[in-house]
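Below is one structure, written out as structure tokens; the observations come after it.
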Amino acid sequence: MKLFLIGFMGCGKSTLGKKLAFRLQCPFIDVDKEIERSTGLNISAYFERFGEVEFRKAEHSIFETSKWPQNAVIATGGGAPCYFNTMELINAMGLSIYLKMSASALASRLRQGSADRPLIRDYQGAELSEYIHMKLSERELYYNKAHMTVQAEGLSASDLEEAIQGYLTEINRIFY
Ligand code: S3P
């Protein structure tokens, strides 16, 4: 099964994804890294050179043309599910899990790691919080289409890994 981790920047998709993939003994795929590989540019450089619209096109084409293995854990960029029909593609390819966190929790996590994230690089303090509140409320419409939502706030990556493993065992028990 392909497991897609979706959610806002900073919610912990990559950290959790690596742990889950290790536990499930399958590859971990980071869509941002796939874009970097296919374009030869890191995400910030790509945004700088071509802008957001071109980035979204490149991101979307990764989902349309992907040849991901049958079993994999895939972390998507925070905006990926919210453009074109990517959320539908995700849901058709595998099981989607939304790692849900409040805007204020995200803001405090993102305060440290905004330098290599082009959308928030120029915001700080109250402006950063406002931006995250606004963007999250736009994006939740898409994130809420995920098959499963996990309340990620206040949980460590290991707690989340346990919780998701529990859900997967239950799904396997019911369906297989
Ligand atoms: C983005 C999130 C980033 C990356 C790009 C745009 C977004 O990925 O794709 O900077 O629009 O939310 P992460 O969610 O892995 O930080």
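The values are calculated or read from the model by the stated rules, or taken from the named source; none is laboratory data. Just so it is clear, the model here is predicted, and its values are computed rather than measured. As a convention, Cβ positions derive from the backbone with ideal geometry for all residues, glycine included, and neighbour counts pool all protein chains shown.
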Restricting the search to region 137-162, which residues are under 15 Å from residue 80 (Cβ atoms) and either among the acidic types (Asp, Glu) or in a helix (DSSP H, G or I) (or both)?
-> 138, 139, 140, 141, 142, 143
Taking the residues in region 25-65 that are of a type in the set (Ser, Thr, Tyr) and crowded, with 16+ Cβ neighbours inside 10 Å as candidates, determine which candidate is farthest from residue 9 (Cα to Cα).
-> 39
Could you list, in sequence order, all residues of region 79-116 that are closer than 16 Å to residue 13 by Cβ, hydrophobic (A, V, I, L, M, F, W, C), surrounded by fewer than 20 Cβ atoms within 10 Å (Cβ to Cβ) and out of contact with any Lys or Arg (no Cβ under 9 Å at 6 or more places or on another chain)?
-> 105
Identity of the residue in region 118-136, assigned to a loop (DSSP other than H, G, I, E, B) and either of a type outside the set (D, E, K, R) or surrounded by 18 or more Cβ atoms within 10 Å (Cβ to Cβ) (or both), that ends up farthest from the ligand (Cβ to nearest atom) = 124
Would you mind stating whether residue 142 is surrounded by 14 or more Cβ atoms within 10 Å (Cβ to Cβ) and modelled with pLDDT of 95 or more?
-> yes
Looking at this structure, is residue 5 modelled with pLDDT of 95 or more, of a type in the set (A, V, I, L, M, F, W, C) and either on the phi < 0 side of the Ramachandran plot or in contact with a His (Cβ under 6 Å, 6 or more places away or on another chain) (or both)?
-> yes
